[in-house]
1. Most mobile of Leu96, Leu43, Leu116 per a Gaussian network model of the chain (Cα springs, under 10 Å)?
2. Give me Ser72, Ser112 sorted ascending by neighbouring Cβ count inside 10 Å, so fewest comes first.
3. Run the helix sum for the chain: -39,500 (n - 2.57) per DSSP H stretch of 4+ residues, divided by residue count, reported at 222 nm to the nearest 500 deg cm²/dmol.
4. So if R0 is 35 Å, what FRET efficiency would Ala106 and Glu22 give, r being the distance between their Cβ atoms, rounded to the nearest 0.05?
5. Treating only the Cβ atoms of Lys and Arg (+1) and Asp and Glu (-1) as charged, compute the dipole magnitude of the chain about its Cα centre; round to the nearest 20 debye.
6. ³J(HN,Hα) across the stretch 26-41 via Karplus (A = 6.51, B = -1.76, C = 1.60, θ = phi - 60°), whole Hz, x for Gly/Pro?
7. Relative to the longest principal Cα axis of the chain, at what angle does helix 56-65 sit, 0 to 90 degrees, rounded to 10?
8. In whole angstrom, note down how far apart the Cα centers of the stretch 70-106 and the stretch 1-46 are.
Amino acid sequence: MKNLKKNFGSLDLEFMNEYTDEKIYEIFLNHKGFGVKTVSCVLIFAMGRDAFPVDTHVHRILNRLGIVKTSSAEKTFEAVKEIIPEGKKYELHSNLIKFGRNICRAKNPLCSICFLYKVCEFPEKKFYRFKKINASDIKENNFIILENLS
Ligand code: SF4
């Protein structure tokens with residue numbers, strides 16, 4: 001942050017509005033402590049750009065579904081950045097986060113009630129399919145993964 005202020009005079013990002021996404025990634029990634037996830041969050045949440053942050057939920061789900069086969073969130077980011085339709089990254093990101101918190105959780109995913117069960121390539125889904133689910137496991141804010149996509 002200190003370096004950013006030193007290089008650009010302030011922490012206000014308004015001057016970057018005319019920069020391309022690529023240029024913004026390049027600038028931030030040259031600063032210690034910034035990775036593609038953080039820069040993508042800046043783009044999507046602070047600048048209203050069409051970016052796709054890949055956090056642990058997004059990385060896990062895309063791998064379980066077989067959409068990517070990657071060993072890190074950074075590699076997942078690279079693998080999917082060109083294949084998500086323009087204008088859909090925010091919605092897909094936020095829906096995957098909700099899906100990862102509520103259904104496709106890191107531990108004890110709720111495969112038995114998952115609407116993606118048939119297409120999912122996660123080998124352990126067969127085990128979790130028959131795992132007993134308690135009422136407290138199911139959050140009230142259930143959703144359709146593509147609810148915001150049009
Ligand atoms: S079937 Fe299970 S592992 Fe696969 S997406 Fe659904 S919750 Fe996740």
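None of the figures in this text is laboratory data; all of them are computed from the coordinates on show. Values in this document were obtained by computation on a predicted structure and should not be read as measured data. Glycine also receives a Cβ, built like all others from the backbone with ideal geometry; neighbour counts cover every protein chain displayed.
1. The residue that fluctuates most here is Leu116.
2. Least crowded to most crowded, the residues run Ser72, Ser112.
3. Working: 7 runs with 59 residues, N = 150.
Result for the chain: -11000 deg cm²/dmol, rounded to the nearest 500.
4. 0.65
5. So the dipole magnitude of the chain works out to roughly 960 debye.
6. Karplus-based 3J(HN,Hα) across the stretch 26-41 equals 4, 5, 5, 5, 7, 10, 4, x, 9, x, 5, 5, 5, 5, 4, 5 Hz.
7. Rounded to the nearest ten degrees, it is 50.
8. 21
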